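Here the structure is laid out as structure tokens; the discussion comes afterwards.
The values are calculated or read from the model by the stated rules, or taken from the named source; none is laboratory data. These figures come from a predicted structure and were not determined experimentally. No Cβ is skipped: glycine too gets one built from the backbone with ideal geometry, and neighbour counts run over all protein chains shown. Protein only, heavy atoms only, side chains kept; ligands, DNA and RNA dropped before computing areas. Shrake-Rupley method; radii C 1.70, N 1.55, O 1.52, S 1.80 Å.
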Amino acid sequence: MLDGLRDFAKSWPGKILGAFLLVGVAGFGINNVIVDLGSNTVARVGDEEITSREFLRAYQNQANRIAQQIGSVPTASQAEAMGIPTAVILGLSEGAALDTLSAQFNMGVSESKLAQLLREDPSFHGTLGTFEPALFTQVLQSAGWTEAEYFEARSDEARRDQLTTALFADTDMPEVAADLINDYATATRTIDYIVLSGTSIETPEAPTEDELSAYLEENQADFRTVETRTVKLLDLSLASLAATKDISSEAVQAEYEATKASLTTPERRTIEQVSLATPELQAQFEAGLADGTDFSTLVAEAGLTASSLGTLTQAEITDTRLASAAFGLPEGDFAIIEGIGGQRAVHVAEIEEAREPTLEEARDDIVARLAQDEARDEINDVLDQIEELRAAFQPIDQIAERFGLPVYEADVTAGGAELAVLPNLAAEDYARVSQAIFAAEQDRLIPSIPLSGSSHLWFDLEQVEPARDQTLDEVRAEVEAAIAAERIDAALAAKAEDIVARLEAGEALADIGFELSAFPQLSAPFTRFGSEDGLVDGTVASAAFAGGPGHAGAVLNESGEQVVFQVVDTAEPTTPLDDVALESINAEARAGLTSEFVAAVREDAGLRINQQALNQLLVQNYGQ
């Protein structure tokens with residue numbers, strides 16, 4: 001049968017039928033994936049494409065922010081779990097949706113506006129806070145941008161800003177909404193309150209032996225030891241091997257003579273400047289320079305404040321005119337040079353002369369460097385020897401003694417915090433090493449753990465203490481304390497409910513407090529977020545705002561204390577929101593309207609995602 005099908009496929013009728021099938025399948029969506037969204041297109045909004053290059057650039061920025069929090073760049077699967085690809089696509093699609101609309105309105109950006117945006121971009125500002133072409137080129141190259149891509153991106157941003165500004169710039173929060181917000185944020189309550197304590201109740205009875213046993217059985221999960229593994233560790237790194245080296249005084253002397261020129265600290269100068277924005281200022285400082293008037297005197301007479309550029313070497317100054325002028329002046333003098341915004345006076349406040357360190361000053365650094373050099377030459381050979389000894393089942397102690405390396409002992413738990421005893425092990429490697437320790441088996445050859453920078457770690461598993469349930473004798477004091485705390489909390493809660501019932505029945509809080517030797521305190525007026533002095537926290541404030549004057553209640557505050565209160569005064573806002581708060585609310589309202597508008601534009605244009613290309617792009621660049 002298969003042979004017959006193959007023969008039919010080679011015939012003209014078979015080829016015609018195959019063509020019809022291909023066209024038919026394409027009609028069911030393959031065209032949308034292969035043709036409409038090509039392999040270089042991750043998504044499309046209307047006619048605007050989101051390319052793989054744009055996606056990767058935005059994704060990398062987001063991944064870098066996440067990496068700063070978790071310590072490593074997330075893989076494709078980790079990023080998917082965090083929702084990073086979706087967030088990036090949605091962010092880019094919002095811009096693409098606005099680009100679609102701006103194209104319909106034939107909006108554009110002039111070259112002069114682009115030039116202004118370029119000059120105002122702080123990414124390209126040098127030492128003086130002004131645009132520097134060399135820095136512009138350097139930043140673009142390091143970020144992987146071309147000039148054309150940069151200007152295209154700024155043009156898109158400017159068009160989007162024109163569009164949203166034209167639509168929403170004058171949109172403010174309705175007055176009634178602002179009044180409601182003002183009422184919610186600034187209305188106040190004043191309460192009388194007492195804080196119940198152990199003295200407000202009778203001391204609970206001590207638990208019996210049966211109660212202790214029952215409590216432990218019910219809460220056994222809270223009373224367990226964790227598995228602990230006792231290990232001996234051997235660390236081989238440049239730092240640990242270098243520490244075993246004995247550098248002779250002759251070698252230190254020879255290295256000092258050979259390298260002391262490179263050890264010289266370069267000259268540094270503390271530089272100040274003022275902008276001479278008007279012809280009058282320029283004339284005043286030129287006259288002062290000619291007369292030998294002190295820089296600080298001229299600045300004071302002109303009513304200016306000099307800005308400090310810091311204490312810099314000549315190589316650290318990117319503005320060549322500034323570097324040349326500042327490092328050509330004696331200490332205390334100033335010069336007038338040209339700047340982008342006009343002339344400026346540059347003053348050298350202090351000079352730190354270049355100096356050559358003495359042998360004693362440089363000794364520690366030279367010893368460390370020579371020891372590192374020797375360790376670098378030997379580390380691979382030592383590594384091979386240790387691996388051979390480990391393959392012969394030599395214990396850590398004997399190997400360490402042979403190479404003069406220290407042995408560290410630790411009782412390690414799954415978290416690995418105990419590995420801090422290893423001075424050369426980075427904190428981010430604790431989890432990896434502890435995983436290897438907990439995967440090891442006693443009396444089995446344990447491989448080394450490779451670390452960064454040619455470092456390796458070996459360990460012998462000495463003892464395993466498995467996790468287990470603790471007995472009552474081991475945790476008696478803790479169980480007694482837990483039961484006592486529960487009983488006290490329950491008694492305080494019951495007492496608080498009783499007091500609230502008495503308050504609602506018309507008794508005075510002062511009389512009840514007198515019985516308990518807990519005299520009521522009058523709070524300062526507070527908002528829904530608590531009082532400024534912190535005595536009334538947000539939890540108590542929220543409970544107090546549940547009712548008006550006379551409202552009584554009991555609540556656990558954020559410190560775990562039982563508070564009983566009664567509202568004695570309420571106050572409505574007497575003044576409207578100030579301009580700063582109102583503008584902040586209006587800005588939030590505009591942002592919300594803009595977000596909803598962009599989402600509607602995107603929905604109208606249609607968002608299509610090339611999921612296959614997206615997955616391949618992530619796996620190729622970030623792994624599974």
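Scanning segment 578-598 for residues being open to solvent by less than 40 Å² (accessible area, probe 1.4 Å) and either farther than 27 Å from Ser102 by Cα or of a type in the set (A, V, I, L, M) (or both) gives a total of 4. From the list Leu167, Leu163, Leu180, the one residue that fits, being farther than 30 Å from Glu478 by Cα and either aromatic (Phe, Trp, Tyr) or crowded, with 17+ Cβ neighbours inside 10 Å (or both), is Leu163.
Within this structure, Gln282 passes the test of being over 30 Å from Leu383 (Cα atoms) and over 43 Å from the mean Cα position of the chain (by Cα). Against the list (1) at pLDDT 90 or above; (2) surrounded by fewer than 16 Cβ atoms within 10 Å (Cβ to Cβ); (3) of a type outside the set (Phe, Trp, Tyr), the condition Glu418 fails is (2). If you check Gly513 against the conditions, is it in a loop (DSSP other than H, G, I, E, B) and small (Gly, Ala, Ser)? No.
Are any residues in segment 257-300 of a type outside the set (A, V, I, L, M), under 30 Å from Leu370 (Cα atoms) and open to solvent by 70 Å² or more (accessible area, probe 1.4 Å), and if so, which ones? Once the filter is applied, which keeps residues that are of a type outside the set (A, V, I, L, M), under 30 Å from Leu370 (Cα atoms) and open to solvent by 70 Å² or more (accessible area, probe 1.4 Å), segment 257-300 yields Glu257, Ser262, Pro266, Arg268. Number of residues in segment 70-113 that are modelled with pLDDT of 80 or more and in contact with a Phe, Trp or Tyr (Cβ under 8 Å, 6 or more places away or on another chain): the value is 5. Restricted to segment 530-551, and to residues there that are modelled with pLDDT of 90 or more and open to solvent by 70 Å² or more (accessible area, probe 1.4 Å), the residue that is nearest to Val563 (Cα to Cα) is Ser542. If only residues of segment 606-622 that are among the aliphatic types (A, V, I, L, M) and open to solvent by less than 40 Å² (accessible area, probe 1.4 Å) are counted, the one that is farthest from the chain's Cα centre (by Cα) is Ala613. The lone criterion from (1) farther than 21 Å from Ser52 by Cα; (2) open to solvent by 70 Å² or more (accessible area, probe 1.4 Å) left unmet by Glu147 is number (1). Residue pairs whose Cβ atoms lie under 6 Å apart, sitting 6 or more positions apart in sequence or on different chains, and linking a residue in segment 369-381 that is part of a helix (DSSP H, G or I) to a partner that is open to solvent by 60 Å² or more (accessible area, probe 1.4 Å), are Ile379/Ser454. Note on segment 515-526: residues that are open to solvent by 20 Å² or more (accessible area, probe 1.4 Å) and either modelled with pLDDT of 90 or more or under 15 Å from Gly553 (Cα atoms) (or both) total 5.
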